[in-house]
Structure formats: C-alpha cells, structure tokens
Amino acid sequence: MISDFLERLFLGQDVTTSRDDVKSRLKIVLAHDRANLSPELMESMRREILEVVSRYVEIDTEGLNFSLESDQRATALIANLPIRRIKFEADAPPLSESGIELPAVPDEPTQSFPDQPERTSTDPRSPANPDIDLSL
Amino acid sequence: MGRIIVITSGKGGVGKTTCSANLGMALAKLNHSVALIDADFGLRNLDLLLGLENRVVYTALEVLAGQCRLEQALVKDKRLHDLVLLPAAQNRNKDAVTPEQMKQLAYALTKKYDFVLIDCPAGIEMGFQNAIAAADEALIVTTPEISAVRDADRVVGLLEAHHVKTINLIVNRIRPAMVQANDMMSVQDVQEILAIPLIGMIPDDEQVIVATNRGEPLVLSENFSLSGMALQNIAQRIEGKDIDFLDLDAPYDTLFSRLRRFFKR
C-alpha cells in the first residue's frame with residue numbers, strides 16, 4: 001500500500017487504479033451485453049461505416065476508435081474517426097449512386113462524436129432518439 | 001392485498017438468501033405479516049438461515065400436488081409470530097413447478113400476508129422464471145465485483161422484459177477500506193453503472209457467518225452490527241420510509257486516507 005502510495009505521489013495520474021479498470025471493463029462489457037451484438041456483426045458494421053466515411057474523407061487509421069458504450073441503461077455506438085484530409089467534391093461519389101439515403105452532410109465534418117452517449121432505439125429499455133447519425 | 005417482492009441477483013453467492021431471511025425478519029419486527037417463499041427447488045437454504053430446518057414437514061410441492069393445504073406447509077417462526085416460510089422441495093429440481101403454479105401460491109399468500117418475499121435461485125433458467133412470475137417488485141442484490149454486476153445487469157433486463165416495474169438495488173459486501181484505496185467499486189459506481197434506484201448498501205461483515213451458523217438472522221439480535229442496521233434500514237425503506245443511508249466510510253476517513261486522496265488529485 002505504501003509503495004502504491006509513493007508510486008502515485010511521484011507518477012501522478014499515470015497509474016490507473018483497479019477501481020478505474022473494473023469500471024471501464026464493466027462499461028464495455030455491459031454495452032455489448034445490452035446491445036446483444038455479436039463480434040462479427042460489430043466488425044462488419046465497422047467495415048461498412050468506414051467504407052462510407054472514407055468515400056468523403058481520408059481517415060487516419062492509427063487513431064481509429066470504434067466501441068459500444070452504455071449510459072443510464074441506453075447504449076450508444078461511439079466512433080472516433082480522426083480525419084487526415086477532406087476529399088474534394090470531385091472525389092466523392094454522388095449520393096444517388098450509392099443507393100443509401102444519407103442525412104445532409106455538414107460542410108465541416110466533425111472529427112469526433114459527442115462525449116455523452118446518445119439514446120438508441122435498439123435497446124428496448126431506452127427511448128428512441130431519431131436525431132443521431134451513428135446510434136445503433 | 002400484500003406486496004410480492006422477489007429477491008434476485010443472477011449470480012450465486014452474493015447474499016440473496018441472507019437478504020431474504022433478514023428482510024423478512026426485519027419486516028416482521030416492524031409489525032407486518034410476512035410470508036417467505038423459497039423458490040430454490042432442489043437447493044433450498046432459506047430454512048437453514050432462518051433456523052427453521054427442523055420444522056419443515058410439507059413443501060410447496062405437496063401443496064401443489066394437493067397432498068396438504070397451503071396453511072399446513074407454512075412453517076411458523078416462533079420468535080416472530082407474523083413470519084412464515086413456505087419451503088421448497090429438496091428432492092426435486094427446478095422443473096418441478098411452473099410459473100403459473102408459483103403465481104397461484106404467491107397470490108394465495110397475498111390474501112393473508114402484507115409481504116410475500118420470494119427468494120430466487122441463482123441463474124436465469126426455469127427457477128428464475130418461476131420466482132419472478134408473480135412478482136410486482138424486485139430487489140437486485142449485487143456485490144461490487146465485475147461478475148456480480150454484469151449478471152445483475154442481465155437480470156434487470158429480463159425483469160424489465162417481464163414488466164416488473166419497481167426494481168431496486170442492494171449493494172452487498174462493501175469493504176469501505178478497499179473503496180478508499182481505490183481497489184473496489186463504490187456503491188455509487190455500481191449504482192451508476194446499473195442505473196436503477198438504490199435501496200440499500202450492506203458492509204461486508206463476519207457476523208453474517210456467525211448468524212448463519214446459528215440460524216439466527218442478524219436483525220433478530222438486540223444490539224446488531226452495522227450490517228444488521230443496514231438491513232433493518234432497507235426494510236424501513238421497503239415500507240416507504242425515507243431513511244438516510246449509513247455512512248460506511250466514516251471509520252476509514254482517517255488523516256492518512258485524506259492525505260492520500262489529496263495527493264491523488
């Protein structure tokens with residue numbers, strides 16, 4: 001306990017406590033439990049979302065983050081896709097070709113999604129919120 | 001009409017039966033009539049925790065088979081006259097009864113008793129389905145451990161799917177010193193993750209083992225420990241009283257721990 005204490009005293013906040021560890025592990029595992037999505041489904045969803053987004057912007061694959069999070073019994077898909085470069089109009093294929101109805105894309109694509117997970121509609125315990133792009 | 005409350009957890013060994021026995025006794029001490037149903041067919045233990053094992057004659061199964069009347073199967077506690085136990089059969093398994101039959105038993109008991117507490121078995125299979133079939137309310141017992149919280153979350157989902165509207169959380173076996181050292185989730189951590197209302201927190205206590213050894217639930221003794229008080233408070237909150245939560249951290253809020261928290265910031 002003393003060495004632990006000294007470690008924290010000198011290393012500051014770099015040392016995570018087991019309490020922080022268990023909380024973050026639980027949040028991830030519960031988000032998956034609640035959404036009831038298989039890893040294969042997550043993977044194929046991830047691939048497709050990346051495909052669509054890459055059509056418009058160049059994504060930095062290094063800092064990519066794609067996870068399910070849970071808050072107040074609602075599950076949200078959190079995708080953090082760092083943008084390296086915005087492709088020019090000409091690079092982007094017209095929407096009609098893709099056959100997918102997409103909501104209007106803002107001029108400046110945001111580099112990250114809100115910290116606060118949004119309510120989703122697949123979770124039967126949470127109210128639906130139709131305003132969000134990437135919610136499950 | 002009495003209230004039917006199921007005590008459940010998903011994971012085994014987190015203190016469901018201990019909570020059932022103590023809350024039943026505590027409610028009876030508060031002058032309510034209480035019927036405890038052991039829904040753990042094949043692995044019954046509630047009779048042991050209540051110290052009533054020698055007086056079990058008939059079980060729920062004999063009642064359902066028409067071999068005895070419901071009243072004959074009820075084991076009456078001699079210490080608290082308003083407390084009865086409906087034992088589970090020990091020589092059968094969980095498939096011996098159906099959710100419909102459990103409903104019949106529980107509804108029949110609500111006519112005479114203020115509270116019908118159902119001690120649910122571990123797991124989410126048939127025994128669980130039976131135990132929750134009749135319940136209007138549920139108490140989820142969990143400990144601040146990852147596996148117990150995960151299972152509790154699953155059970156909350158299943159209860160909501162079964163339209164059990166009132167679900168409250170009991171966090172059991174807290175070790176305040178470990179929470180202070182950031183080596184255990186706090187009650188608030190667990191409550192935030194599960195996102196259901198908290199009705200009680202019980203500290204880890206060796207006296208629970210002593211009480212189990214004797215078959216005398218904690219709340220029965222005159223000068224009970226902190227955990228006994230925590231259970232007594234839960235019973236009063238079930239009654240609808242607004243009782244403050246115990247400050248479990250107080251004995252551990254020393255100068256050293258304060259200094260440590262200060263440096264950690």
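Values in this text are rule-based calculations from the coordinates and carry no lab data. Everything numeric here is computed off the predicted structure, so don't read it as measured data. When we count neighbours, we look across all protein chains shown, and the Cβ atoms used for this are built from the backbone with ideal geometry, even at glycine.
Values for this structure:
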{"read-out": "Along principal axes, Cα extents of segment B:1-46, largest first, whole Å", "value": "31, 18, 16"}
{"read-out": "Most to least packed among B:25-37, B:60-72 [average Cβ atoms within 10 Å]", "value": "B:25-37, B:60-72"}
{"read-out": "Volume in Å³ per residue [convex hull over Cα atoms, computed for segment B:1-140]", "value": "93 Å³"}
{"read-out": "Projected label distance in nm at residue B:92 and residue A:64, using a 7 Å step from Cα toward the beta-carbon", "value": "5.6 nm"}
{"read-out": "Convex hull volume per residue for segment B:107-237, taking Cα atoms only, in Å³", "value": "133 Å³"}
{"read-out": "Evaluated at q = 0.19 Å⁻¹: base-10 log I(q)/I(0), Debye formula over Cα of segment B:204-265", "value": "-0.80"}
{"read-out": "Inter-probe distance in nm under a simple model that places probes 7 Å from Cα toward Cβ, at residue B:246 and residue B:1", "value": "3.5 nm"}
{"read-out": "Residue-averaged beta-carbon neighbours from other chains (10 angstrom radius) around A:17-26", "value": "6"}
{"read-out": "Chain B, relative contact order [Cα under 8 Å, separation at least 6], %", "value": "24 percent"}
{"read-out": "Debye, to nearest 20: dipole size of segment B:3-264, +1 on Lys, Arg Cβ, -1 on Asp, Glu Cβ", "value": "200 debye"}
{"read-out": "Per-residue HN-Hα couplings for segment B:77-92 [Karplus 6.51, -1.76, 1.60; θ = phi - 60°; Hz; x = Gly/Pro]", "value": "6, 8, 7, 10, 6, 9, 10, 10, 10, 9, x, 8, 6, 9, 9, 10"}
{"read-out": "Residue B:43 paired with residue B:67, simple spin-label distance in nm, labels 7 Å along Cα-to-beta-carbon", "value": "2.4 nm"}
{"read-out": "Expected-Rg normalisation [2.2 N^0.38 Å, Cα atoms] applied to segment B:3-264", "value": "1.01"}
{"read-out": "Partner lysines for residue B:112 [C-alpha distance under 21 Å; skip if fewer than 8 residues away on the same chain]", "value": "B:29, B:76, B:78, B:103"}
{"read-out": "Gaussian network model of chain B, Cα within-10 Å springs - most flexible of B:43, B:198, B:109", "value": "B:43"}
{"read-out": "Sequence-separation-based contact order of segment B:140-265, relative, with Cα cut under 8 Å and 6+ spacing, percent", "value": "22 percent"}
